[in-house]
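What follows is a single structure, written as structure tokens, with notes after it.
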Amino acid sequence: MKVVSLEDGHEQDFWKHVNRDPLDYYFFIFDLKQRREKTQVFLALEGRKIEGLMLLYAGHVVQLRGSREAVKLLLDGVDIEQVELQAPMDCEDIVLRRYTPSLRFEIVLMRLRRGDENIRMKHVPVRLGVEDIEEFAEVLRKADPEVWGDLDIEQQKATWKDAFLMGIKHQGKLVSVGNSHFGDIASSIGAIATDERYRNMGFATSVVSALVQKILKNSSTALIHVRKDNAPAVRVYSKVEFKPYRQYLMIRGRRTSS
């Protein structure tokens, strides 16, 4: 088995492979189509057969797919000190030999097909603009400081400038937020958060419902990634009729010392 770059004449084979299950390869497809200048893709080949794929985005985000042998070979080529990494669950031991996690989650990819949605809009979210990003980020940080506590505002302004942002305001203050980037085959909800003082009041369900309505006007499928242990979030998404599709290991970590 050998590792080759997408740019070395393998793009046609790549697209044929990922289009067999585009939801599993959602970020590969999205980043190549919309953020190619920040994206690298590598293939693990056995002859001409693709046994695994690796996405490197923005110098620190790593996505891995494929067999254990392919994942190990691809990961051996990663020379990054700190990563945010997603991999198949059965490759956890391989990942942890290379990186010591500061955060470790099991992530569930949930999907919702057009026609299956159960829109539940108790509150009416509004569209937000770039002028709301600082307050948007503050809601995320307070809702889950472990995940969002180190958000860089200027970096997020660049990341979210093309995103569709929504939120609910109470007495002029944002209390619940969510965002999405739109794709053709599917669109993913990127972040959902609600101020703890306003939980269990239908705010998050309303934001998710509004985003789903918008997504399904542009794509046939809505996606969301959620921590498996985040039962309240899973309940919200299930109310709107998201269903589990795949599970992954997700870590933030530093390279293990030799």
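The values are calculated or read from the model by the stated rules, or taken from the named source; none is laboratory data. If you're wondering where the values come from, they're calculated on a predicted model, not measured in any experiment. Methodologically, a virtual Cβ is constructed for each residue, glycine included, from the backbone with ideal geometry; neighbour enumeration extends over all protein chains shown.
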Give me the residue from segment 222-242 that is on the phi < 0 side of the Ramachandran plot and in contact with a Leu (Cβ under 9 Å, 6 or more places away or on another chain) and, out of that set, surrounded by the most Cβ atoms within 10 Å (Cβ to Cβ).
Ala222
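This table checks each residue for (1) in a strand (DSSP E or B); (2) more than 13 Å from the chain's Cα centre (by Cα); (3) not charged (D, E, K, R).
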residue	(1), (2), (3)
Val212	no, yes, yes
Leu216	no, yes, yes
Leu223	yes, no, yes
Val226	yes, no, yes
Ala233	no, yes, yes
Val236	no, yes, yes
Glu241	no, yes, no
Pro244	yes, yes, yes
Ile251	yes, no, yes
Taking the residues in segment 177-190 that are assigned to a loop (DSSP other than H, G, I, E, B) and of a type outside the set (Asp, Glu) as candidates, determine which candidate is nearest to Val234 (Cα to Cα).
Ala186
Within segment 93-115, can one find any residue that is surrounded by fewer than 17 Cβ atoms within 10 Å (Cβ to Cβ), in contact with a His (Cβ under 8 Å, 6 or more places away or on another chain) and of a type outside the set (A, V, I, L, M, F, W, C)?
no
Quick one: how many residues across segment 1-41 are assigned to a helix (DSSP H, G or I) and among the hydroxyl-bearing types (Ser, Thr, Tyr)?
1
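Residue-by-condition table, conditions (1) of a type outside the set (Lys, Arg); (2) modelled with pLDDT under 95; (3) at positive phi:
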{"position": "Lys38", "(1), (2), (3)": "no, yes, no"}
{"position": "Leu53", "(1), (2), (3)": "yes, no, no"}
{"position": "Ala58", "(1), (2), (3)": "yes, yes, yes"}
{"position": "Val71", "(1), (2), (3)": "yes, no, no"}
{"position": "Ile80", "(1), (2), (3)": "yes, yes, no"}
{"position": "Val130", "(1), (2), (3)": "yes, yes, no"}
Just one listed residue, out of Ala204, Ala193, is in a helix (DSSP H, G or I) and either more than 23 Å from Asp116 (Cβ to Cβ) or not assigned by TED's automatic domain parsing to the domain that holds Arg65 (or both), and it is Ala204
With respect to the numbered conditions (1) touching a residue at least 24 places away in the same chain (Cβ under 8 Å); (2) more than 14 Å from Leu112 (Cα to Cα); (3) among the hydrophobic types (A, V, I, L, M, F, W, C), which one is the sole condition not fulfilled by Ala210?
(2)
Some residue of segment 240-256 being in contact with a helix residue (DSSP H, G or I) (Cβ under 9 Å, 6 or more places away or on another chain), under 27 Å from Lys173 (Cα atoms) and modelled with pLDDT of 95 or more
yes
Regarding Lys2, is this residue loosely packed, with under 14 Cβ neighbours inside 10 Å, touching a residue at least 40 places away in the same chain (Cβ under 8 Å), in contact with a strand residue (DSSP E or B) (Cβ under 7 Å, 6 or more places away or on another chain) and of a type outside the set (S, T, N, Q)?
yes
